[in-house]
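Participant: Have a look at the structure that comes next, please.
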Amino acid sequence: MTDIKSNEREFAAQVASWLNEFLTDVTSPFEVATSETSIQVSDGKTRFPDIQIWLNRQGNQGFCGWELKTPTTPVDNNELLNNAAEKARSMSADYFVTWNMKDAVIWRTPYALEPVSKVHRLKTYEPVFQVSVPDDLWVASKRELLKAKAKEILNDLSTLHREGHLYLSDADTTFFVHELYEAVKTLWPFIHESLITKTGKSVQFKDGLFDWAVKQGIASYDAGEPFYETVSRQIVYRLLGKILFYLTLRRFCTDIPKFDLNGLNPAGIDSKIREYFQRARQIDYQAVFEEDFPDKVPFPENAVAPLIKLIDNLNRYNFSNMPQDVIGNVFEKLIPPHERHTLGQYFTNEELVDLIISFCVTSKSVRVLDPACGTGTFLIRAYDKLRHEGAKSHKELISQIWGFDIARFPAELATINLYRQNIEDYANFPRIQSRDFFEVKSGDVFKFPPPKPTAGTDFTIDEVIPQFDAIVGNFPYIRQELIEKRIQGYKGVIEKTLIADWRAEYPELFNNGGTKLSGQADIYAYLFFHAARLLKDGGRMGIVTSNSWLDVAYGYELQKFFLRKFKIIAIVESRCEAWFDDAAVNTVFIILELCKDLKQRNENNVKFVKIKKRLKELIPTDIKLPMDRWFNLYKLTHAIEKSGSEHYKIKDETIENNLQGRASYETDNFRINVLKQDTLLEQIETSGKTVKWGKYMRAPEIYFEIMETCKDKLITLKELADVRRGYTTGINEFFYLDDKKIKHWGIEEEFLIPIIKSFKEIDKIVLDKSQKINLFLFTCDKEKRALRGTNALKYIKHGEKTITETGISYPDIQSVKNRKLWYDVAHREPWDIFVQEHWNTRFFMPLNEGSFLADKRLYEIKARADKVLLSALLNSTLTTLFIEVTGRTMLGDGALDLTVYEFEELFIPDVPTTYNKTILKAFNKLLTRPIKPIFDEVKLKDRQALDSVVLEALGLDPTKYLKPLYEGLTTLVRERIDLAKSRKKAKKTKTQRDVDKLFEQVSDEIIPDGIKKFPEEFIDSKYLKDSIEISVPNEKLKLGDYFMGHQDVITEDGFKYCSKSTSEAKFIIYSQKPNSFIIKIPKDASAIVNAVTSYELYVKDIKEKLFTAYFSRTHDHKLADTLVSRLFDELGL
């Protein structure tokens, strides 16, 4: 067989082909790339650059030559460099490129007779590590990497031609965001002042502002000053976003001017900014720079100087090589977490997106919709998946992808992120609209501006929204009643949309003219229903949501809808990492497949999946290797989907599912519980309420075993007791008094009752009179005239004069104004047992033997029989397991929540009376000792004794069940707590990665060739020849004592050398090198002094430059100092 190998000529031909493909972009300054063009050099010989980039080939106006080699030839090979430089000089080119497939460098062309050295190295690229041999050119995934590298180099050459320099830093670090955030802090007070002035002058503007803000998701319009602060920041974010877009666009479009506000009259800044953005609109087809309501706020003159400074600073960053997610990341990190929560906006990492896309985008013809697309991550990754499903042009692919977002800013980001610079093609435009998705109906026609301006300014392209094969996304977490508060009737608009969508086909969703969804339902619950109308039969929906619907009231309607209209493919949750570092919610994703066939739905196996690894471990393949990545993702999704497939059997030429109950599967990657869909539907219809599906992903196997074994030996708490919430006073500042406040007012004891606000105040199960009390409840049901002469009356009158921050007096506060006496919280009898609303790692329910009252954050239980026995059962670890499984961790802080209703429904052991005495005897030993966190509690003998007897009472052998009970429970609690901690850890890790990258970036920039060698580069060599030699150990030298003009050089281990002067001692220390035991000391004392002085000035200068560079990027003196010290330590300085 013939041995065929690739070589550098073949590589050069391929690169030339790629470059000419890229040069079809009309925005490129270059005309053509040629290979093997003959060039006569200075000695009259003819040379042939591998590739020559031309500005004008006919006019022989070249710009840059490329020398291409295979990986065996280093890119800084002397012969290669001198040869390339000679060719560049002959073409009068300022730059040349060397590239050996793996490594690439742009060089400045040196003067004649000047050798090429590190000082001429302009940019060194990240190596393509995956390429090691010439034949890698024909491995598809590696060829794509090489092609991308060629485009990156060409983009940099375009920047060099246009700007004359490359930008100092890549725009992809936390510090870039920090600089923008600092600008927000500087600019927003000025914008805030301008906003207040504008709203004060115009009621119409104020009303329009409120409506705009609420529709954007800023639901705090009635919060007064905080609202105006938030909106002011949003205006600044939008301005900065437009500026970022402009700078990004300018890297690829040479015909828009530089964004420069220097030298302008501040009064004319507003119009100049609009002029720039109007010019950019002629390039950007999707109206990114179109004005929105907040743009009506005048830009204040006193904010001009900081804005100019910011724009000048932004020009330091390299936008031409910006990764696709950077602008989205800037938006993500620029807006503080608490503001993003108000917006309902969270940003989805690419591993999670790709996993969902892999479930839903299964062929090259799939049409994809993201109804709340944000910055477009799902759409970008769907584009990538479609591209690698088959050979399609960009024009075809882009027409298959649609996105909507109610907020203009993220919709603009999505548009930019999908833009591929083919602006001359009228069919090439992302189908993305800034629009409320509830206004979108099947068959609607949408108008899109053309990619490029035309003579007819009203020209648009009409597109009919299609039915989709895949609907994907991360639905927003905003409650509809928050929007309803401002825009009255918004809920009605949503309800009408759902009525139009489903009234005829799915009437069970409605009653009394509206939906049955709870008023507390998040927007995403409604989005599921509306989005389904745009899904084809057999199409899939893959959505990230809060996990709340699995366990709360409105989840019932969602569960019914999913079971009756879809095949539920999988519900997936991670218990080892938080998918959103900043989101104060815990999340799941669900994969649904629209299915009109009842039998297929009923026979479907529903997979409840707990992911056991971090997604980066589960999906380790680099995103830059798409073929490998998507294949590995297919294997993961296939492993999930095939779970339970052995239960499908062929019977009478039809496939039937013989799964009974629950099947469980576990691998290194997943734990999967599988149930038939008709089993889940039967549970829902029997219960008539939400069935808690979260347990199928979280609960340990021991839970299911106990529930199945003891299903007739468990009873709900409501059958034995009543449960209520503690006191809601309406004004805690008035009704709760500590000792200091009581002493100050001298309030009489009859008006004070001890109250427990938190379990942090107590640590034992028995709560008696010995308990230290921090707070008392002021309780009074007497008229003021009956209180004459009391200090209580003085306190009430003081309360009536007290005004809140919002200007309301205490008696007029909504929560108390309707009481007969505003200061009467109504009498309550103390109940028997206290329960927490929020649980962490300590699980106990105290017996209220001290007649205490409870705050609203606690619940109270009134036993109908033996309260101590009930307390014993509630304080057993088996009940703790039921609490942990039943509770919800909807918020991202790790706390476990249970409502009063959920406690009423909580299962507890129904033990035979013959075990009562044994249980009480074991329980008595726990009553007076502190209760420890569950991880320590289960190790205690008295705890094990109580739990053993409870298990025995249920007919369970403690030797078999106690250990798995403890292991299952502690694992559940640890996962819950660690999940919350992982958010903080992820933020810290990301910051450290950025610090490390900055560390390398600045050191390469300031000292690209390393530190000059001492003494060689600071003293004439003749002085080193005329010298003495001394022996030194391989240990760190330092200055010792100075005495009578002599300076000691010492080490920690006792070495000592007496130098003739301090300069000589420093010369010795500065000359020390690792594993070198001889140091030469010049005999000429003045040469020593000059060398040491020059070296110290040089090091001082380097240190100052490093500090300035680090500080300019971090704006943190301490961090800049730390990074300089770290670098000096690494360099041995």
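The values are calculated or read from the model by the stated rules, or taken from the named source; none is laboratory data. Since this is a predicted model, take the numbers as computed values, not measurements. We place every Cβ from the backbone using ideal geometry, glycine too, and count neighbours over all the protein chains shown.
Participant: Take the residues in segment 1024-1035 that are in a strand (DSSP E or B) and hydrophobic (A, V, I, L, M, F, W, C), then tell me which one is farthest from residue 1082 (Cα to Cα). Reasoning before the result, please.
Facilitator: Initial filter on segment 1024-1035 (in a strand (DSSP E or B)): 1027-1031.
Filter once more, so that each one left must be hydrophobic (A, V, I, L, M, F, W, C): 1028, 1030.
On the way: 1028: 6, 1030: 11 Å.
The selected residue is 1030.
Participant: Oh, and also: Please determine, by comparing only the residues of segment 656-690 that are assigned to a strand (DSSP E or B) and either outside the structural domain of residue 592 (by TED's automatic domain parsing) or out of contact with any Lys or Arg (no Cβ under 7 Å at 6 or more places or on another chain) (or both), which one is nearest to residue 593 (Cα to Cα). Before the answer, list the steps.
Facilitator: Narrowing segment 656-690 to residues assigned to a strand (DSSP E or B): 656-657, 662-666, 670-676.
The next check asks that each one be either outside the structural domain of residue 592 (by TED's automatic domain parsing) or out of contact with any Lys or Arg (no Cβ under 7 Å at 6 or more places or on another chain) (or both); those that pass are 662-666, 676.
Working: 662: 21, 663: 21, 664: 22, 665: 22, 666: 24, 676: 15 Å.
Filtering first and then ranking leaves 676.
Yes/no matrix, rows are residues, columns are (1) in contact (Cβ under 8 Å) with a residue 12 or more places away in the chain; (2) buried (at least 21 other Cβ atoms within 10 Å of the Cβ); (3) farther than 14 Å from residue 8 by Cβ; (4) in contact with a helix residue (DSSP H, G or I) (Cβ under 6 Å, 6 or more places away or on another chain):
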residue: 90; (1), (2), (3), (4): yes, no, yes, no
residue: 94; (1), (2), (3), (4): yes, no, yes, no
residue: 106; (1), (2), (3), (4): yes, yes, yes, no
residue: 109; (1), (2), (3), (4): yes, yes, yes, yes
residue: 126; (1), (2), (3), (4): no, no, yes, no
residue: 133; (1), (2), (3), (4): yes, no, no, no
residue: 139; (1), (2), (3), (4): no, no, yes, no
residue: 150; (1), (2), (3), (4): yes, yes, yes, yes
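Participant: Return yes when residue 245 is over 30 Å from residue 806 (Cα atoms), modelled with pLDDT under 70 and either of a type outside the set (S, T, N, Q) or buried (at least 20 other Cβ atoms within 10 Å of the Cβ) (or both) and no when it is not.
Facilitator: no
Participant: Scan segment 53-72 and report the pairs whose first residue is in the same structural domain as residue 88 (by TED's automatic domain parsing) and whose second residue is among the charged types (D, E, K, R) and in a loop (DSSP other than H, G, I, E, B), with Cβ atoms within less than 7 Å and a gap of 6+ or a chain change.
Facilitator: That search, which allows pairs on different chains as well, returns 54/31; 55/31; 56/31; 57/31; 66/50; 67/50; 68/50; 71/102.
Participant: Can you confirm whether segment 594-604 contains a residue that is under 16 Å from residue 539 (Cβ atoms), surrounded by fewer than 21 Cβ atoms within 10 Å (Cβ to Cβ) and among the acidic types (Asp, Glu)?
Facilitator: Scanning segment 594-604, I find at least one residue that is under 16 Å from residue 539 (Cβ atoms), surrounded by fewer than 21 Cβ atoms within 10 Å (Cβ to Cβ) and among the acidic types (Asp, Glu), so the answer is yes.
Participant: Next up: Quick check on my filter: what residues within segment 1072-1093 are surrounded by 20 or more Cβ atoms within 10 Å (Cβ to Cβ) and assigned to a helix (DSSP H, G or I)?
Facilitator: Within segment 1072-1093, 1087, 1088, 1091, 1092 meet the criteria.
Participant: Give 140, 148, 104, 112 a once-over and let me know the one that is over 38 Å from the mean Cα position of the chain (by Cα) and of a type in the set (Gly, Ala, Ser). So that I can check it myself, show each step before the final result.
Facilitator: On the way: 140 fails: over 38 Å from the mean Cα position of the chain (by Cα); 148 fails: over 38 Å from the mean Cα position of the chain (by Cα); 104 fails: over 38 Å from the mean Cα position of the chain (by Cα).
Criteria check complete, one pass: 112.
Participant: How do the pairs read when you match residues in segment 951-963 that are within 16 Å of residue 880 (Cβ to Cβ) with residues anywhere that are among the charged types (D, E, K, R) and part of a loop (DSSP other than H, G, I, E, B), using Cβ under 6 Å and keeping only pairs 6 or more apart or on different chains?
Facilitator: 954/713
Participant: So, of the residues in segment 965-1009 that are closer than 18 Å to residue 574 by Cβ and of a type in the set (S, T, N, Q), which turns out to be modelled with the highest pLDDT?
Facilitator: For segment 965-1009, the residue satisfying everything is 971.
Participant: If you don't mind, another one. For segment 764-796, which positions are of a type in the set (Gly, Ala, Ser), surrounded by fewer than 15 Cβ atoms within 10 Å (Cβ to Cβ) and either on the phi < 0 side of the Ramachandran plot or modelled with pLDDT of 95 or more (or both)? Spell out how you get there, then give the answer.
Facilitator: So the first thing to find is which residues in segment 764-796 are of a type in the set (Gly, Ala, Ser), and the list is 770, 786, 789, 792.
Next, only the ones that are surrounded by fewer than 15 Cβ atoms within 10 Å (Cβ to Cβ) stay: 770, 786, 789.
Scanning segment 764-796 gives 770, 786.
Participant: Is there any pair with a first residue in segment 539-568 that is touching a residue at least 12 places away in the same chain (Cβ under 8 Å) and a second that is basic (Lys, Arg) whose Cβ atoms are under 7 Å apart and which are 6 or more apart or on different chains, and what are they?
Facilitator: If the second residue must be basic (Lys, Arg), the pairs left are 548/888; 550/692; 551/692; 551/888; 556/689; 557/516; 567/601.
Participant: Continuing with this model, one more query. All but one of (1) without any contact (Cβ under 8 Å) to a residue 24 or more places away in the chain; (2) not assigned by TED's automatic domain parsing to the domain that holds residue 899 hold for residue 697; which doesn't?
Facilitator: So residue 697 meets the others, but not (1).
Participant: How many residues are in contact with a His (Cβ under 8 Å, 6 or more places away or on another chain) and either in contact (Cβ under 8 Å) with a residue 12 or more places away in the chain or acidic (Asp, Glu) (or both) if we restrict to segment 633-673?
Facilitator: Final tally of qualifying residues: 3.
Participant: Look at residue 1069 and say whether it is within 22 Å of residue 1132 (Cα to Cα), crowded, with 17+ Cβ neighbours inside 10 Å and touching a residue at least 40 places away in the same chain (Cβ under 8 Å). Give the derivation first.
Facilitator: Details: within 22 Å of residue 1132 (Cα to Cα): yes; crowded, with 17+ Cβ neighbours inside 10 Å: yes; touching a residue at least 40 places away in the same chain (Cβ under 8 Å): no.
Taking the combined requirement at face value, the residue does not satisfy it.
Participant: Taking segment 679-715 on its own, how many of its residues are in contact with a helix residue (DSSP H, G or I) (Cβ under 6 Å, 6 or more places away or on another chain) and surrounded by fewer than 16 Cβ atoms within 10 Å (Cβ to Cβ)?
Facilitator: Residues that pass the stated criteria total 1.
Participant: Would you tally the residues in segment 1036-1066 being assigned to a helix (DSSP H, G or I) and in contact (Cβ under 8 Å) with a residue 24 or more places away in the chain?
Facilitator: Filtering segment 1036-1066 down to residues assigned to a helix (DSSP H, G or I) leaves 1062-1066.
If we keep only those that are in contact (Cβ under 8 Å) with a residue 24 or more places away in the chain too, we end up with 1063-1066.
Qualifying residue count, segment 1036-1066: 4.
Participant: Right, something else. Out of segment 527-544, which residues are part of a strand (DSSP E or B) and either over 8 Å from residue 471 (Cβ atoms) or within 28 Å of the chain's Cα centre (by Cα) (or both)? Talk me through it step by step, then tell me what you get.
Facilitator: Step one: of segment 527-544, the residues part of a strand (DSSP E or B) are 535-544.
Selection gives 536, 537, 538, 540, 541, 542, 543, 544.
Participant: Quick test of your reading of the structure: residue 1040 fulfils all but one of (1) over 24 Å from residue 1004 (Cβ atoms); (2) surrounded by fewer than 16 Cβ atoms within 10 Å (Cβ to Cβ); (3) in contact with a helix residue (DSSP H, G or I) (Cβ under 9 Å, 6 or more places away or on another chain); (4) modelled with pLDDT under 90. Name the failing condition by number.
Facilitator: (2)
Participant: Which of the helices (runs of 4 or more DSSP H) contained wholly in segment 876-959 include at least 2 residues that are within 21 Å of residue 764 (Cβ to Cβ)?
Facilitator: On the way: elements: 877-886, 900-904, 916-924, 934-937, 941-953.
Ranges flagged: 877-886, 916-924, 934-937, 941-953.
Participant: Could I ask something else about it? Is segment 55-73 home to any residue that is closer than 18 Å to residue 115 by Cα and not in a strand (DSSP E or B)?
Facilitator: The answer is no, given that none of the residues of segment 55-73 is closer than 18 Å to residue 115 by Cα and not in a strand (DSSP E or B).
Participant: Right, next: Mind checking which residues of segment 74-86 are in a helix (DSSP H, G or I) and either under 15 Å from residue 120 (Cα atoms) or in contact with an Asp or Glu (Cβ under 8 Å, 6 or more places away or on another chain) (or both)?
Facilitator: Here is the first cut: in segment 74-86, the residues in a helix (DSSP H, G or I) are 78-86.
Listed by number, the residues that qualify are 78, 80, 81, 82, 83, 84, 85, 86.
Participant: With the checklist (1) within 27 Å of residue 1000 (Cα to Cα); (2) in a strand (DSSP E or B) in hand, flag the one item residue 34 doesn't pass.
Facilitator: Tallying (1) within 27 Å of residue 1000 (Cα to Cα); (2) in a strand (DSSP E or B), residue 34 fails exactly one: (1).
Participant: Name the strands (runs of 3 or more DSSP E) wholly inside segment 716-799 in which the number of residues that are under 48 Å from the mean Cα position of the chain (by Cα) and within 22 Å of residue 812 (Cα to Cα) is 1 or more.
Facilitator: Working: elements: 721-725, 752-756, 775-778.
Once the strands (runs of 3 or more DSSP E) in segment 716-799 are filtered for at least 1 residues that are under 48 Å from the mean Cα position of the chain (by Cα) and within 22 Å of residue 812 (Cα to Cα), what remains is 775-778.
Participant: Among the residues that make up segment 137-156, is at least one of them more than 20 Å from residue 70 (Cβ to Cβ), at pLDDT below 85 and part of a helix (DSSP H, G or I)?
Facilitator: No, the conditions are met nowhere in segment 137-156.
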